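*Asks:* I am attaching a structure below and will ask some questions about it afterwards.
The values are calculated or read from the model by the stated rules, or taken from the named source; none is laboratory data. Predicted model only: the values in this text are computed from it and were never measured. Here the Cβ positions follow ideal geometry from the backbone for every residue, glycine too, while neighbour counts run over all protein chains shown. Just the protein is used for accessible areas: all its heavy atoms, side chains included, with ligands, DNA and RNA removed. Shrake-Rupley method; radii C 1.70, N 1.55, O 1.52, S 1.80 Å.
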Amino acid sequence: MLKILGIETTCDETGISILEFDGEYFRILGDKLRSQFNIHKKYGGIVPILAAREHKKNLPILYKEVFKEAKISPKDIDYIAFSNGPGLPPALVEGKNFVVKIAKELNKKIIPVNHLIAHFYSVLIPKNKKNIRQKIRKIEFPSLGLLISGGHTILAYIEDFKKIKKLGETLDDAIGESLDKAGRLLGLDYPGGPKLEKLAKNGRPIFNLPRPMSGYGNYNFSFSGLKTALLELVTEIKKYNKFNEETKKDLAASYQKAAFETLLIKTKKAYQRFKVKNIILAGGVSANRTLIKLFKKVFGSKKIIYPEKSLATDNGIKIAFTGYFFIDKAIDYKDLDIDPLLKI
Ligand code: KG4
Ligand code: ZN
């Protein structure tokens with residue numbers, strides 16, 4: 001059986017996992033993930049150089065731990081899958097240095113994995129559970145893909161996962177980044193996305209916010225104006241001393257609604273234009289259950305495909321998993337390069 005070690009260091013999560021494959025079946029033998037929220041939160045966003053420092057510190061520790069958990073030795077693995085982009089250059093460099101070192105020591109080949117594509121593949125993993133034999137999920141194509149994360153907002157036509165064609169993307173802030181910034185304006189810690197979702201649960205979407213670019217005929221997005229609109233609203237509310245807990249809940253609900261309806265408007269447009277079997281949501285923001293509910297309501301629940309919540313955000317499992325589908329692209333460590341701007 002084929003064993004793949006997966007390594008993720010594109011942003012602020014250090015992830016190392018070991019997956020074992022047997023035809024259409026696989027098993028998660030070990031998985032270690034260390035988030036850096038506490039390091040970056042006082043800065044209100046990710047500081048690349050600190051992310052790199054943390055990866056450098058965490059990689060050898062998690063590497064030891066993951067093999068201990070999997071109860072195998074490093075020489076038992078067949079390949080090393082590594083997400084070589086897109087991402088923060090200093091973070092990718094630390095990941096690469098580590099991967100090259102172990103590939104050399106173990107004499108194994110490296111499978112470079114595009115982080116964005118790996119987000120899409122994550123929907124094929126039924127459960128994030130260790131040591132159970134699982135069948136790789138099958139989905140019908142063609143699909144529309146909505147990749148929504150802290151760094152990207154991409155709408156794509158997916159003929160299959162090897163043929164992904166970008167239809168549009170954000171021209172400025174990514175949706176996750178926009179939710180994080182809105183969270184910050186409302187006094188929430190980084191990352192604001194999940195905290196905004198919680199706050200919005202008991203709020204009413206009573207404030208008027210724009211649905212940017214919804215009138216345009218293309219499939220692009222823009223979220224920076226939405227954040228500015230929220231800032232103006234908050235400034236106005238503060239003048240009247242009304243910036244209290246109730247208002248914050250209402251603002252959170254209004255912001256989420258505006259951001260998600262903006263995604264919805266463009267997805268609907270593409271859905272009417274292209275004949276697709278379903279819509280795949282992937283990336284950190286697809287962990288948001290309010291968003292999933294909205295899409296299910298509009299398109300029908302059977303049409304909406306999304307990852308298990310714990311696999312929506314960055315992790316090593318999806319890197320090892322995606323590596324399995326790109327074994328033919330395995331390379332020697334001497335040929336490994338990072339690509340901070342890698343595209344779909
Ligand atoms: O995919 P990801 O882990 O990293 C990138 O590749 O960018 O996505 C991180 C983003 C952050 O902006 C975070 O706030 C957002 O995903 N996020 C959420 C939720 N969980 C994570 N946004 C909304 N609701 C959530 N539950
Ligand atoms: Zn990601």
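*Asks:* So how do Tyr306, Tyr240 rank on accessible area, 1.4 Å probe, biggest first, that is with the largest at the start?
*Replies:* Values: Tyr306 55, Tyr240 150 Å².
The most accessible residue leads, giving Tyr240, Tyr306.
*Asks:* Just to be sure I understand the curve: with the Debye formula and one point per C-alpha of region 1-151, what is log10 I(q)/I(0) at q = 0.11, 0.18, 0.21 Å⁻¹?
*Replies:* Log10 I(q)/I(0), no solvent term: -0.44, -1.15, -1.42.
*Asks:* Using the heavy atoms of the protein chains and a 1.4 angstrom probe, tell me the accessible area per residue for region 155-284 in square angstrom. Don't skip to the answer; put the middle values down first.
*Replies:* Numbers: 6240 Å² over 130 residues.
On a per-residue basis, region 155-284 sits at 48 Å².
*Asks:* A further question follows. Using the reciprocal of the averaged 1/r over all distinct C-alpha pairs, how large is the Kirkwood radius of the chain in Å? Walk me through the numbers on the way to the answer.
*Replies:* Details: mean 1/r = 0.0484 Å⁻¹.
Here the Kirkwood hydrodynamic radius works out to 20.7 Å.
*Asks:* A follow-up question, please. Relative to the longest principal axis of the chain, what angle (0 to 90°, nearest 10) does the C-alpha long axis of helix 245-273 take?
*Replies:* 70
*Asks:* I need the phi-derived Karplus couplings for region 201-207: 6.51 cos²θ - 1.76 cosθ + 1.60, θ = phi - 60°, integer Hz, Gly and Pro marked x.
*Replies:* My calculation for region 201-207 gives 3, 9, x, 10, x, 8, 8 Hz in order.
*Asks:* Report, to the nearest whole %, how much of the accessible area of the chain belongs to carbon and sulfur atoms, 1.4 Å probe, protein only. Working shown, then result.
*Replies:* Details: 8090 of 15480 Å².
The nonpolar share, carbon plus sulfur, comes to 52 percent.
*Asks:* Round to the nearest 10 and give me the degree value, 0 to 90, for the angle of helix 89-106's Cα axis relative to the longest principal axis of the chain.
*Replies:* 20
*Asks:* Could I ask something else about it? Can you give the helix-only mean residue ellipticity at 222 nm for the chain, where every DSSP H stretch with n ≥ 4 adds -39500 (n - 2.57) and the sum goes over all residues, rounded to the nearest 500 deg cm²/dmol? List each step's numbers first, then the result.
*Replies:* Numbers: 11 runs with 140 residues, N = 344.
Theoretical 222 nm ellipticity from helices: -13000 deg cm²/dmol.
*Asks:* With springs only between Cα atoms under 10 Å apart, run a GNM on the chain and tell me which of Ser73, Ser222, Ser178 wobbles the most.
*Replies:* In this elastic network of the chain, the residue with the biggest mean-square fluctuation among Ser73, Ser222, Ser178 is Ser73.
*Asks:* Moving on to the next point. Could you state the principal axis extents of the C-alpha atoms in region 190-330, from the largest down, to the nearest angstrom?
*Replies:* The Cα atoms of region 190-330 stretch 62, 35, 27 Å along their principal axes.
*Asks:* About the Cα centre of region 143-307, how large is the charge dipole given +1 on each Lys and Arg Cβ and -1 on each Asp and Glu Cβ? Please answer in debye to the nearest 20. Could the numbers behind the result be given before it?
*Replies:* Numbers: 30 positive and 15 negative charges, 157 e Å.
In debye, rounded to 20, region 143-307 gives about 760.
*Asks:* Using alpha carbons only, how many degrees (0 to 90, rounded to 10) separate the axis of helix 48-70 from the longest principal axis of the chain?
*Replies:* 50
*Asks:* Please compute the contact order of the chain in relative form: average sequence separation of alpha-carbon pairs under 8 Å and at least six residues apart, divided by the residue count, as a percent.
*Replies:* RCO, the chain: 25 percent.
*Asks:* Using only the Cα atoms of region 38-83, what do you get for the radius of gyration and for Dmax, in Å?
*Replies:* 14.4, 41
*Asks:* Once you've got the GNM for the chain with C-alpha springs shorter than 10 Å, pick whichever of Ile80, Ile237, Ile117 has the biggest mean-square fluctuation.
*Replies:* With Cα springs under 10 Å in the chain, the top fluctuation among Ile80, Ile237, Ile117 is at Ile237.
*Asks:* Which distance in Å, rounded to a whole number, links the C-alpha centroids of region 233-303 and region 61-137?
*Replies:* 32
*Asks:* Pull up the DSSP beta bridges for region 143-307 and report the antiparallel fraction as a percent, rounded to 5. List each step's numbers first, then the result.
*Replies:* Numbers: 12 of 20 bridges.
Around 60 percent antiparallel, to the nearest 5.
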